[in-house]
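The values are calculated or read from the model by the stated rules, or taken from the named source; none is laboratory data. Model, not experiment: these values are computed from the prediction. All Cβ positions, glycine included, derive from the backbone under ideal geometry; neighbour counts span all protein chains shown. Quick note on the areas: whole protein, heavy atoms, side chains included, nothing else; ligands and nucleic acids left out. Shrake-Rupley method; radii C 1.70, N 1.55, O 1.52, S 1.80 Å.
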Amino acid sequence: MEIFKCQAILIIVLLLYVESVKSEIPLAPALYVFGDSIFDSGNNNLLPTLAKADFKPYGSNFNGGRATGRFTNGKTVADFIAEFLGLPFSPPYVRLRRGSIKLTGLNYASGSCGILPYTGNFLGKCLHFSEQVDLFQRTVKRELPRQFDDPEELSSYLSRSIFLISTGSNDYVNNYLQPNLYGTSKDYTPESFAKLLINVLSQQFQRLYELGARKVIVFEIGPIGCIPSFTKKLSHNERCAETYNDLAVMFNNQLSDMLKNFTSTLPGSTFILGHAHWLGYDAIINPFTYGLMDPSSPCCVTWGNGTSACIPELVPCRDADKHYFWDGYHLTETVYRVIATKCFNDTSVCIPNNIKELVEG
């Protein structure tokens with residue numbers, strides 16, 4: 001009888017061990033991140049630009065209150081998705097030393113930049129989207145081959161990795177809607193400008209595919225007409241400047257069509273739409289549904305009376321988890337958590353598949 005008890009205990013211990021090992025295995029080999037300040041985790045720290053977040057109160061709720069260059073109080077959507085995948089945070093590419101490539105992914109995102117090369121350049125140097133793809137190409141062609149025995153192994157690794165992208169909002173916020181700095185609003189109608197952005201983006205997505213990307217999530221432009229940078233400056237009858245939101249929706253509709261086309265025409269690829277515009281808008285209009293108390297004012301004290309970046313070293317609000325906006329442009333960790341969680345677990349945000357389904361496919 002004692003022998004059977006010992007055997008049963010041994011089996012239970014072995015099963016628990018197997019489950020613990022399984023839980024430590026990442027759902028994907030790597031997470032590669034591209035985009036703007038929504039995803040930037042520190043690349044702009046080392047670039048000659050005014051668009052930086054390497055000072056407090058940025059990072060107030062990140063790993064003991066450390067300012068890393070993230071344009072929020074804590075984690076970004078990319079950080080949460082990395083955690084859900086069982087991966088470490090994708091480190092900023094610009095900060096890596098030569099030869100110290102990370103096989104679990106990299107972050108190429110750069111604050112203030114966009115799809116067009118000249119977007120945001122009035123703030124200084126940033127990495128626009130095609131430059132980020134250039135850096136990824138260097139990673140694939142020069143750096144990753146040193147880590148793999150043969151090209152097929154590298155191709156398999158890339159095809160199973162997750163590619164996360166959020167770009168385009170600055171092409172409106174820091175370009176089209178800045179007529180004193182750029183002439184794009186005079187040269188392009190809203191429809192033709194959205195088409196221009198989609199055409200440029202399409203070329204870069206094609207490059208990513210040719211470089212080995214197969215599982216790609218692309219987030220829509222959020223409700224830019226609701227950010228304090230605009231709402232506190234413009235006269236409008238509703239909670240948001242809806243004409244600005246209409247510009248984002250116009251772009252998002254074309255983005256959706258493009259991603260569907262890529263999935264149907266590029267063999268072995270899955271391009272997922274991060275349908276976050278409606279979620280972001282709903283959280284502003286119905287904040288209590290999401291546990292939020294303030295959907296309109298920044299948590300930190302900003303320049304320009306709530307319309308710009310945080311003023312260095314000033315103490316932010318005590319209840320950041322109840323705020324939608326962290327500064328005049330960016331969201332709090334709380335909102336990013338909601339977006340990432342829904343994208344990972346259900347198909348109300350990431351469509352037609354959530355990330356959990358994507359990694360299993």
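Points to keep in mind about this one:
- Scan of the stretch 275-298 for residues that are hydrophobic (A, V, I, L, M, F, W, C) and within 14 Å of GLU220 (Cβ to Cβ), ordered by number: ALA276, TRP278, LEU279
- Breaking point among (1) in contact with a Cys (Cβ under 9 Å, 6 or more places away or on another chain); (2) open to solvent by less than 40 Å² (accessible area, probe 1.4 Å), for GLY222: (1)
- Any pair with Cβ under 7 angstrom, 6 or more apart, that starts in the stretch 79-96 at a residue that is within 19 Å of GLY69 (Cα to Cα) and aromatic (Phe, Trp, Tyr) and ends at one that is open to solvent by less than 40 Å² (accessible area, probe 1.4 Å) and in a loop (DSSP other than H, G, I, E, B): PHE89/SER41; TYR93/LEU106; TYR93/TYR108
- Of the listed requirements (1) outside any loop (DSSP other than H, G, I, E, B); (2) on the phi > 0 side of the Ramachandran plot, ALA82 misses just one: (2).
- Checklist (1) touching a residue at least 12 places away in the same chain (Cβ under 8 Å); (2) more than 23 Å from PRO190 (Cβ to Cβ); (3) open to solvent by 50 Å² or more (accessible area, probe 1.4 Å) applied to CYS299, failing item: (3)
- ALA67 being more than 22 Å from CYS113 (Cβ to Cβ), touching a Lys or Arg at 6+ places or on another chain (Cβ under 7 Å) and either modelled with pLDDT of 95 or more or of a type in the set (Ser, Thr, Tyr) (or both): no
- Taking the criterion of being under 25 Å from ILE227 (Cβ atoms) and open to solvent by 30 Å² or more (accessible area, probe 1.4 Å), the residues of the stretch 323-361 that qualify are TYR329, ARG337, VAL338, THR341, LYS342, SER348, ILE351.
- Residues of the stretch 176-193 that are part of a helix (DSSP H, G or I), farther than 18 Å from GLY225 by Cβ and either open to solvent by 70 Å² or more (accessible area, probe 1.4 Å) or touching a residue at least 24 places away in the same chain (Cβ under 8 Å) (or both): LYS186, ASP187.
- Residue satisfying all of: in the stretch 283-294; in a loop (DSSP other than H, G, I, E, B) and on the phi < 0 side of the Ramachandran plot; least open to solvent (accessible area, probe 1.4 Å) among these: LEU292
- The residues in the stretch 90-105 that are of a type outside the set (Gly, Ala, Ser) and either in a helix (DSSP H, G or I) or under 12 Å from the mean Cα position of the chain (by Cα) (or both) can be counted, and the count is 3.
- Per this entry, ALA51 is not counted among residues that are assigned to a loop (DSSP other than H, G, I, E, B), out of contact with any helix residue (DSSP H, G or I) (no Cβ under 8 Å at 6 or more places or on another chain), over 14 Å from TYR336 (Cβ atoms) and small (Gly, Ala, Ser).
- Residues that are crowded, with 24+ Cβ neighbours inside 10 Å and either acidic (Asp, Glu) or more than 16 Å from the chain's Cα centre (by Cα) (or both) occur in the stretch 65-88; there is at least one.
- The set of residues from the stretch 236-274 being closer than 19 Å to GLU220 by Cα, in contact (Cβ under 8 Å) with a residue 40 or more places away in the chain and of a type in the set (A, V, I, L, M, F, W, C) comprises CYS240, LEU247, ALA248, MET250, PHE251, LEU255, MET258, LEU259, PHE262, PHE271, ILE272, LEU273.
- Residue in the stretch 260-282 that is in a strand (DSSP E or B), among the β-branched types (Val, Ile, Thr) and either touching a Gly at 6+ places or on another chain (Cβ under 7 Å) or surrounded by 15 or more Cβ atoms within 10 Å (Cβ to Cβ) (or both) present: yes
- Those residues of the stretch 343-361 which are in a helix (DSSP H, G or I) and modelled with pLDDT of 95 or more, in sequence order: CYS343, PHE344, ASN345, ILE355, LYS356, GLU357, LEU358, VAL359
- Figure legend. Inter-residue proximity from the stretch 40-64: first residues among the aromatic types (Phe, Trp, Tyr), second residues surrounded by 20 or more Cβ atoms within 10 Å (Cβ to Cβ) and in a strand (DSSP E or B), beta-carbon distance below 9 Å, spacing 6+ or different chains. Indicated pairs: PHE55/CYS310; TYR58/CYS310.
Conditions tested, residue by residue: (1) out of contact with any strand residue (DSSP E or B) (no Cβ under 8 Å at 6 or more places or on another chain); (2) part of a helix (DSSP H, G or I); (3) at pLDDT 95 or above.
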site: SER296; (1), (2), (3): no, no, yes
site: CYS300; (1), (2), (3): no, no, yes
site: SER308; (1), (2), (3): no, no, yes
site: PRO312; (1), (2), (3): yes, no, yes
site: CYS317; (1), (2), (3): no, no, yes
site: TYR324; (1), (2), (3): no, no, yes
site: TYR329; (1), (2), (3): yes, no, yes
site: TYR336; (1), (2), (3): yes, yes, yes
site: THR341; (1), (2), (3): yes, yes, yes
